[in-house]
Amino acid sequence: MDFQSSRSFAENLDTRDPLAPFRARFVITDPGLIYLDGNSLGRLTHASLERLQLVVEHEWGRDLIRGWNENWWEAPVRIGEKIARLVGAAPGQMVACDTVSVNLFKLAAAALALRPGRTHIVTDTLNFPSDLYILQGLVHSLGDHHTILRVGSRDGDVTPDLDELAAAIDDSTALLTLSHVTFKSGYLYEVAYVTELAHRHDALVIWDLSHSAGAVPVALDACNADFAIGCTYKYLNGGPGASAFLYVRKDLQERAVSPIWGWWGQNVPFAFGLDYTPATGVARFLTGSQPILSLLAMEAALDPLLEAGMESLRAKSILLSAYLIYLTDTLLAPLGFRLGSPRLPEQRGSHISLRHPEGYRINRALIEEMNVLPDFREPDNLRLGLTPLYTTFYEVWEGVDRIRRVMAEKRYEKYPAQRLIVT
Ligand SMILES: Cc1ncc(COP(=O)(O)O)c(C=O)c1O
């Protein structure tokens, strides 16, 4: 599409947006706020708000312990099935539970145990650092018999070095684990191709879908993925700290062993037998009691995504990001910004990083005085999340215009370069 930089062009795109009605499903208390951080924390849906009120007042407040037999105990499995529909997984392979970090630990431990004698874990330098810490901790706890190889990146940390990745995987590789969409640049891996690279050497793969679930179509079953994890507080709009999810392909489930043997993953938990027997299927990867309020709020937030459909969401996401790149090239590049995300739509997820040496202080000025909420990732990435269910083209235009004003009026200069705890 041939874009233009006028405000009316953005407004016109909104009038033609088939997903525009979905914005009304979200609680929007400040129409002047330009929210570009749905890639960190999705907006609150009216459905979650109503569900939470019901759960707190009726299910917890009135029904008390009876809630477990009503709809609480089954929630991790039931909600896992719902998320599975958004990431191309057939029923019986996903549960919603714990955090991404804990789920990665469980699945990585299971994967290493399935490949005894193999000593290498392959990942990349673009991965979310917590994923690397989890791998390091796991290797340490297993006696330091494994080596973690971190494949490097190209183009100033925007894209991974796919040749180096292919060369790093061999018959000593037990596990390959990557973020499907990388957290800084938003690079989008091709799941089928990379999974096949690993499978050629009989290595297992764990995909971290935190930045892709709900933003990019994922086809776990069709790509023959082994394992996957992801969070629900970003594009799935589950709420702060909402439960993560994990996927174990059907044929791996009976052989894969969780390293954390809790009663929720036990075959008959209420028999209270003294020895652990794993539950059948993916439920064996559950551990202990789950945050029911948070789980049920998240469950309600999934409906708009299922109704919109991942193909429509992706089409709008690509248009939003292409438009943002156009505005960046036209209006922000002359002010010292450069694109920190892939230009090719098939290589990017749904957030865009703009790099600027003053990125941190610009981010502060946008938050403190311009009513724009992006976020910042070291060393110089101003990250702008584009959430197709509720981000408008006007918001993208207005956000860029406010960035332009911060620069023209040098508003960022009054902020210290010293980082706040959360950036
Ligand atoms: C790609 C990715 N992986 C893992 C995590 C960690 O998730 P959690 O805090 O649920 O362990 C995050 C958090 O933002 C993330 O973005």
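None of the figures in this text is laboratory data; all of them are computed from the coordinates on show. These figures come from a predicted structure and were not determined experimentally. We place every Cβ from the backbone using ideal geometry, glycine too, and count neighbours over all the protein chains shown.
What the table below lists for this structure:
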| quantity | calculated |
| --- | --- |
| Neighbour cut-off at most 14 other Cβ (10 Å), DSSP loop, GluC sites (Glu not before Pro), the range 317-411 | 409 |
| Cα pair distances in the range 334-390, grouped into 10 Å bins until the bin that holds the longest one, percent each | 24, 50, 24, 2 |
| Restricting the range 65-104 to trypsin sites (Lys or Arg not before Pro) in coil, as DSSP defines it, with at most 15 other Cβ within 10 Å | 85 |
| Between the range 1-61 and the range 286-344, the alpha-carbon center distance in angstrom | 12 |
| Cβ charges +1 (Lys, Arg) and -1 (Asp, Glu), total dipole of the range 50-306, debye | 380 |
| Rounded Å value of the spacing that divides the Cα centres of the range 64-96 and the range 185-229 | 22 |
| Beta bridges by DSSP in the chain, antiparallel share as percent, to the nearest 5 | 55 |
| Whole-number D in µm²/s for the range 261-361 (Stokes-Einstein; Kirkwood sum over Cα pairs; 20 °C, 1.002 mPa s) | 118 |
| Spin-label pair residue 272/residue 418, simplified geometry with 7 Å Cα→Cβ offset, distance in nm | 5.5 |
| Backbone HN-Hα couplings from phi across the range 167-183 [Karplus 6.51/-1.76/1.60, Hz, Gly and Pro as x] | 6, 6, 8, 8, 6, 8, 7, 8, 8, 10, 9, 9, 7, 4, 10, 6, 6 |
| Nearest-ten-degree value, helix 359-369 long axis tilted from longest Cα axis of the chain | 80 |
| Length released on extending from residue 172 to residue 16, taking residue separation times 0.36 nm less the Cα-Cα span | 50.9 nm |
| Size of electric dipole in the range 23-182: Cβ of Lys, Arg +1 and of Asp, Glu -1, about Cα centre, debye, nearest 20 | 520 |
| Sequence-distant residues sharing a close amide H with residue 266 (under 5 Å, placed H) | 279 |
| Area projected by the alpha carbon convex hull of the range 1-124, averaged over all directions, nm² | 13.8 |
| Loop sites in the range 220-260: trypsin sites (Lys or Arg not before Pro), DSSP, at most 16 other Cβ within 10 Å | 255 |
| Distance histogram for the chain (every C-alpha pair counted, 20 angstrom bins, percent rounded to whole numbers) | 26, 55, 18, 0 |
| Cut-off 14 Å (backbone N to label point 7 Å along Cα→Cβ of residue 150), residues of the range 360-379 | 379 |
| Equivalent-ellipsoid semi-axes of the range 297-412, from the Cα gyration tensor, Å, largest first | 26, 16, 12 |
| Mean shadow area of the range 148-260, taken as a quarter of the surface of its Cα convex hull (nm²) | 8.0 |
| FRET efficiency, residue 335 to residue 162 (Cβ-Cβ, R0 25 Å, nearest 0.05) | 0.15 |
| Under 16 Å from the Cα of residue 414 - aspartates and glutamates, other chains or at least 8 residues apart | 358, 368, 369 |
